[in-house]
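Have a look at the structure below, then the notes.
The values are calculated or read from the model by the stated rules, or taken from the named source; none is laboratory data. This is a predicted model, so every value here is computed, not measured. For neighbour counting, all protein chains shown are included, and Cβ atoms are generated from backbone atoms with ideal geometry for every residue, glycine included.
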Amino acid sequence: MNENNSFRISEEKRRVLLIEDDIICQEMMKASIGDTYDVIVATSGEEATGIIRAQHDTLSMILLDLNLPGIKGIDVLKSIKSDPEFSHLPVIVMTSDNEAEVECLTLGAIDFIPKPYPASKVILARILRTVELSEDRETLRLTERDQLTGLYNKDFFFRYAAQLDLYHKDAPTDAIVFDVNHFHTINDRYGKAAGNEILKRIADNAIAYVSEAGGIVCRSGADTFMLYCRHIDDYEALLARLSANLDVEGSGENHVRLRMGVYLDADKSIDIERRFDRAKMAADTARDHLTAPVGFFDHSMREAEILEEQLIDDFSTAIREKQFVIYYQPKFNVKNDKPYLTSAEALVRWKHPKLGMVSPGTFIPLFEKNGLIQKLDYYVWSETACHIKDWKERLGVSLPVSVNVSRIDLYDPDLTEKFLQIAKTGGLDPQDLLLEITESAYTEKTDQIITTVKNLRDLGFRIEMDDFGSGYSSLSMLSTMPIDALKLDIQFIRSAFKGQKDTRLLEAMIGLAKSFEVPTIAEGVETDEQYSYLKAMGCDIIQGYYFSRPLPVDEFEKYIVLKLKSEDDLCLPLKN
Amino acid sequence: MLTIEKLKVYGADTAKGLSRCANNEALYLRLVDITVRELSSGSLGEALASGDPERAFEAAHKLKGSVSNLALTPIEIPLSELTELLRSRTPGDHTALYDEIVRKTNELASL
């Protein structure tokens, strides 16, 4: 056998500690098991305690004679079983006193070998079996429990929860998920050890609760816990109990807040994991709600979930069958007395064969979450390029159109190549495509994103920063950012003209853009008043129902033609 | 020289004793030899003479363990009886039992 082959757990002799002062018994035991096990002998309780303390990691079993000089065997057993570090070690007690058997088993001995001994082969078989069972038990102990908190892990939790269902079929039961608000910031601020300490305290609080009220609990993820318990009414009280004593020591602050999702009186006819999915969904509704940290699952969530599943399932077919249709909303340059059509924004709608028109507010956040947005964006860019090409060829109009570029697209190393290919296929000039990139995208991995955006701009694509002012970018970034226009966040316009009109912030934003010599675009403009104010404040381009709602491509074509007829309204390079 | 055959004739249940030594005859004979020396050392007699019932019981119990494991039946019988009497602190003169143990030990030692 070469050295590598021998480096196997199965080839190693397990070590057995024999605590026995009688030489005859020692020799007989060594003769019985010495070929299979590495037998270490201690002749007193004191010696044994020292060996256990120093070598417990490598011991597979302890054989303990009860009749020892000095510390008695029964006290050695008590001391082993009361120390959490060693208590997992299996102990077989050896004695001629049959009456001691029950006491030893009660104290945690795993088996009993009588004296005089049985035949060697009987002893060996018994010890082999005991070691095997103990190792299985230890493996189970290590795998079913989370090492940090001692709680069950998720897989075993689900298994035991299902067992609870079997025994308590008719008991109303709640599936509860709870986690720590912004746990990563606690780790960042106070260190991982402090974070771990908080998780352990939460686990202790949860264990104390289930040991009183029943139920089981697990740590299902980094800072996420699951609790399966009898239905209760006061979840605020439960949350308070789970949140007790979580302050980070020495910080003098209490930033540790839990949030909780409850699927109350959970339907036992559905799979246990699905029940906790629902509790998680409910927990997500409570995110950042300091005043309402408990969310409850209701059937509107279930319906939303079913709809989301259907939309995801139908996505590929929708792309293939071109169920996604592009609408265009015109943008007008308002710098001169008379506004003129300068570009449009491509907006996607889903003409679903069964659900009818699906709002982008429903499917875009969903696809952003699961990454399908990349495919959808590419589809929209390609379709838009086809339309621009078509207008050029049939109408003789060259109208730039802005398309949305999602955050995830900016991480695509092939992004610039994709845009070049789209432009090339459509015979377009890069300037025909305006790329709208949301402001918040610039705050992540800024350098990489700025490089990507710079590359696109160098190739001739124009960049519009979307949702500007929604609160993420640092103003200093404006001076380094490669952008061609700032598109004000629609919420700014809505709130400026709502109730007590206050346009000061809007004016400041437009002023800021002007100082960086970047044109501003306002979207969502609906009224004469909004239009007049924005124009007076120096806004350059306006988009919104004031001019036109988003139009399907055939209607938008008619719109362009109409504008073509009143030449004054259209200051575009109309003819190639 | 001590042999398995001689032990059988003496009355030991050698099959049982050997079964506890993984049928290793040399080991069994060596352990019998050790036990005979211990029995012959006079330790049990001293303990009985000391008047300390706990010490007497411990000495008898320890020897009984070895003798029983080796299945040295002729000694095991009186030694077990003596051990139980000492365990229960039964008053009385145990000399007859002790003499029997000594006799059987001497017999074994002379094999």
Problem - Residue within segment A:168-175 that is under 23 Å from A:Arg257 (Cα atoms), surrounded by fewer than 17 Cβ atoms within 10 Å (Cβ to Cβ) and free of Cβ contacts under 8 Å to residues at least 12 places away in the same chain present - result: no
Handout entry: Odd one out for B:Glu81 among (1) under 30 Å from A:Ala125 (Cα atoms); (2) surrounded by fewer than 17 Cβ atoms within 10 Å (Cβ to Cβ); (3) within 13 Å of the chain's Cα centre (by Cα)
Key = (1)
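Yes or no, residue by residue, for (1) assigned by TED's automatic domain parsing to the domain that holds A:Ser406; (2) crowded, with 17+ Cβ neighbours inside 10 Å; (3) modelled with pLDDT of 95 or more:
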{"site": "A:Arg320", "(1), (2), (3)": "yes, no, yes"}
{"site": "A:Ile326", "(1), (2), (3)": "yes, yes, yes"}
{"site": "A:Asn336", "(1), (2), (3)": "yes, no, no"}
{"site": "A:Pro339", "(1), (2), (3)": "yes, yes, no"}
{"site": "A:Lys351", "(1), (2), (3)": "yes, no, yes"}
{"site": "A:Gly371", "(1), (2), (3)": "yes, no, no"}
{"site": "A:Asp377", "(1), (2), (3)": "yes, yes, yes"}
Exercise for the section: Identify the single condition in (1) modelled with pLDDT of 90 or more; (2) buried (at least 16 other Cβ atoms within 10 Å of the Cβ) that A:Arg145 does not satisfy, given that it satisfies every other one. Expected result: (1)
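Okay, residues lined up against (1) within 14 Å of A:Phe276 (Cα to Cα); (2) of a type in the set (A, V, I, L, M, F, W, C); (3) under 26 Å from the mean Cα position of the chain (by Cα):
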| site | (1), (2), (3) |
| --- | --- |
| A:Cys218 | yes, yes, yes |
| A:Met226 | yes, yes, yes |
| A:Arg230 | no, no, no |
| A:Asp234 | no, no, no |
| A:Ala237 | no, yes, no |
| A:Leu242 | no, yes, yes |
Practice task
Kindly indicate whether any position in segment A:33-43 is of a type in the set (Asp, Glu) and farther than 30 Å from B:Glu84 by Cβ.
Solution key: yes
Handout entry: Selection from segment B:14-31 of residues that are aliphatic (A, V, I, L, M) and at the interface with chain A (Cβ under 8 Å from one of its Cβ atoms)
Key = B:Ala22, B:Leu27, B:Leu31
Problem - Sole residue being under 27 Å from the mean Cα position of the chain (by Cα) and in contact (Cβ under 8 Å) with a residue 24 or more places away in the chain, chosen from A:Gly371, A:Gly396 - result: A:Gly371
Handout entry: Criterion (within 14 Å of chain B (Cβ to nearest Cβ), outside any helix (DSSP H, G or I) and modelled with pLDDT of 90 or more) met by exactly one of A:Ile113, A:Ile123
Key = A:Ile113
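Do the conditions hold for A:Ser96, that is, is it within 14 Å of another protein chain (Cβ to nearest Cβ), farther than 23 Å from A:Val76 by Cβ and modelled with pLDDT of 85 or more? Break it down into steps so the answer makes sense when it comes.
Values: within 14 Å of another protein chain (Cβ to nearest Cβ): yes; farther than 23 Å from A:Val76 by Cβ: no; modelled with pLDDT of 85 or more: yes.
Taking the combined requirement at face value, the residue does not satisfy it.
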Handout entry: Residue check for A:Thr317: in contact (Cβ under 8 Å) with a residue 60 or more places away in the chain and polar (S, T, N, Q)
Key = no
Exercise for the section: Considering only segment A:306-324, state which residues are over 12 Å from A:Lys375 (Cβ atoms) and among the basic types (Lys, Arg). Expected result: A:Lys322
Problem - Yes/no for A:Glu132 being in contact with a Phe, Trp or Tyr (Cβ under 6 Å, 6 or more places away or on another chain), without any contact (Cβ under 8 Å) to a residue 40 or more places away in the chain and not aromatic (Phe, Trp, Tyr) - result: no
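Is it true that B:Ala22 is touching a residue at least 40 places away in the same chain (Cβ under 8 Å) and outside any helix (DSSP H, G or I)?
Considered against the rule, which asks whether it is touching a residue at least 40 places away in the same chain (Cβ under 8 Å) and outside any helix (DSSP H, G or I), B:Ala22 comes out as no.
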Fill in the blank from the handout: Of all helices (runs of 4 or more DSSP H) fully inside segment B:32-89, the set with 2 or more residues that are of a type in the set (Lys, Arg), more than 14 Å from chain A (Cβ to nearest Cβ) and closer than 21 Å to A:Tyr117 by Cα is none
Practice task
State yes or no: is A:Thr130 closer than 30 Å to A:Glu236 by Cβ, not assigned by TED's automatic domain parsing to the domain that holds A:Ile202 and not basic (Lys, Arg)?
Solution key: no
Exercise for the section: Output the number of the condition that A:Asp313 fails; it satisfies all remaining conditions of (1) in the same structural domain as A:Tyr545 (by TED's automatic domain parsing); (2) crowded, with 17+ Cβ neighbours inside 10 Å; (3) over 29 Å from A:Ile388 (Cα atoms); (4) not polar (S, T, N, Q). Expected result: (2)
Problem - Leading residue by the ranking (farthest from the chain's Cα centre (by Cα)) among those in segment A:20-68 that are facing chain B (nearest Cβ under 9 Å) and assigned to a loop (DSSP other than H, G, I, E, B) - result: A:Asp22
Practice task
Mind listing whichever residues of segment A:93-122 are touching a residue at least 12 places away in the same chain (Cβ under 8 Å) and touching a Lys or Arg at 6+ places or on another chain (Cβ under 8 Å)?
Solution key: A:Met94, A:Thr95, A:Ser96, A:Leu107, A:Gly108, A:Asp111, A:Ile113, A:Pro116, A:Tyr117, A:Ser120
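This table checks each residue for (1) modelled with pLDDT of 95 or more; (2) within 15 Å of A:Val294 (Cβ to Cβ); (3) among the hydrophobic types (A, V, I, L, M, F, W, C).
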| residue | (1), (2), (3) |
| --- | --- |
| A:Gln163 | no, no, no |
| A:Ile186 | no, no, yes |
| A:Gly191 | no, no, no |
| A:Glu197 | no, no, no |
| A:Ile232 | no, yes, yes |
Handout entry: Matching residues, segment A:270-298, being among the small types (Gly, Ala, Ser), farther than 14 Å from A:Met226 by Cβ and at pLDDT 90 or above
Key = A:Gly295
Fill in the blank from the handout: Listed by first then second residue, the pairs whose first member lies in segment A:247-274 and is in a loop (DSSP other than H, G, I, E, B) and buried (at least 20 other Cβ atoms within 10 Å of the Cβ), whose partner is at pLDDT below 90 and not aromatic (Phe, Trp, Tyr), with beta carbons under 9 Å and at least 6 positions apart or on separate chains, are A:Val256/A:Asn181; A:Val256/A:Ile186; A:Val256/A:Leu246; A:Val256/A:Asp247; A:Val256/A:Val248
Completion exercise
Given (1) within 13 Å of chain B (Cβ to nearest Cβ); (2) over 25 Å from A:Gln26 (Cβ atoms), A:Ala161 misses just (1)
